[in-house]
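Please read the structure below before turning to the comments.
The values are calculated or read from the model by the stated rules, or taken from the named source; none is laboratory data. Computed from a predicted model, the values in this text were never measured in an experiment. Cβ sites come from the backbone with ideal geometry, for glycine too, and all protein chains shown count toward neighbours.
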Amino acid sequence: MPGIHVELLNVVPILASPGAPAPFIPSNAGSSTAGDIRKTAKNGLHVLRQLEQQCHLRLTAFLTMVLGVPTLEQIYELTSPGNEDGWNKYQTTLSSRLANVTVVSSLVLATTSAFLTTEPPTTIVNWLHPMPYVTLIAAFCAGFLSVGSGIFLYFVIVNTKPTRLRRLLFHPVRLTMGMVLMATPTLFLAASGGSVMVSMCGAVWLGDNIVAKIGLVATFVIWGLMTLASILCMLV
């Protein structure tokens with residue numbers, strides 16, 4: 001959808017439904033500027049609807065993971081003047097979620113540090129082999145980035161005013177950059193967890209216990225079937 005993507009950059013991104021509120025226009029904006037904004041929003045409404053129909057599920061999942069709400073319209077409503085209670089609740093919920101991600105990342109960081117500085121107590125696993133050991137280092141680095149970005153974003157969120165986020169909704173490029181930044185703690189945590197899984201699987205495979213290897217293969221088969229079933233359910 002290259003055409004849709006290019007045109008979307010020139011569209012106010014919060015008007016994805018017919019009942020969406022009117023765009024926020026600064027008080028010092030001229031009449032021509034206000035008219036251009038309304039015209040751009042009206043022309044881009046069809047593009048946003050097409051985008052919503054074609055990748056609604058992916059956008060909803062991404063927005064829920066990053067902002068805690070499935071649509072940008074809800075962010076617009078939460079940042080509306082006079083909705084301080086809704087904004088305070090949303091800000092508290094978002095900061096709590098980010099704090100939980102940071103705590104989990106800290107646990108992964110501590111666990112990988114322990115594995116990197118100790119020897120295996122049994123020959124069933126061997127994480128001192130280059131493959132699992134390097135993967136553990138990658139997990140440690142990803143966990144460190146997740147903790148660092150999570151702490152930084154936590155202090156940013158608790159001091160963010162609704163008017164600043166509201167203005168950000170009308171700058172698609174800045175909004176995209178902000179959402180990517182908000183996603184970094186979760187993405188780095190997922191990368192760290194995935195690296196730990198790969199490392200432990202490699203350590204078991206490089207061990208000398210056949211039963212453990214059979215259990216590892218069975219676990220991957222079950223996990224693959226569950227993942228495939230989940231994807232099929234999402235596509236239906």
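Kindly evaluate THR227 against the criterion of being free of Cβ contacts under 8 Å to residues at least 12 places away in the same chain and touching a helix residue (DSSP H, G or I) at 6+ places or on another chain (Cβ under 9 Å).
Against the criterion (free of Cβ contacts under 8 Å to residues at least 12 places away in the same chain and touching a helix residue (DSSP H, G or I) at 6+ places or on another chain (Cβ under 9 Å)), THR227 does not qualify.
Looking at LEU116, LEU109, which is the one that is touching a Gly at 6+ places or on another chain (Cβ under 9 Å) and of a type in the set (A, V, I, L, M)?
LEU109
Considering ALA142, ALA138, ALA114, which residue is assigned to a helix (DSSP H, G or I), small (Gly, Ala, Ser) and surrounded by fewer than 16 Cβ atoms within 10 Å (Cβ to Cβ)?
ALA114
For residues that are touching a Leu at 6+ places or on another chain (Cβ under 9 Å) and free of Cβ contacts under 8 Å to residues at least 24 places away in the same chain, tally how many sit in the range 70-94.
Result for the range 70-94: 5.
Of all the residues that make up the range 207-236, how many are in a helix (DSSP H, G or I) and charged (D, E, K, R)?
1
I'm told PHE140 meets every condition in (1) at pLDDT 90 or above; (2) closer than 27 Å to ASN88 by Cβ; (3) of a type outside the set (S, T, N, Q) except one. Can you identify the failing condition by its number?
(2)
From the residues in the range 147-189 that are of a type in the set (Phe, Trp, Tyr) and touching a residue at least 40 places away in the same chain (Cβ under 8 Å), which one is surrounded by the fewest Cβ atoms within 10 Å (Cβ to Cβ)?
Applying the filter and picking the extreme gives TYR154.
Keeping to the range 166-190, report how many residues are at pLDDT 80 or above, of a type in the set (A, V, I, L, M, F, W, C) and touching a Gly at 6+ places or on another chain (Cβ under 9 Å).
Count: 2.
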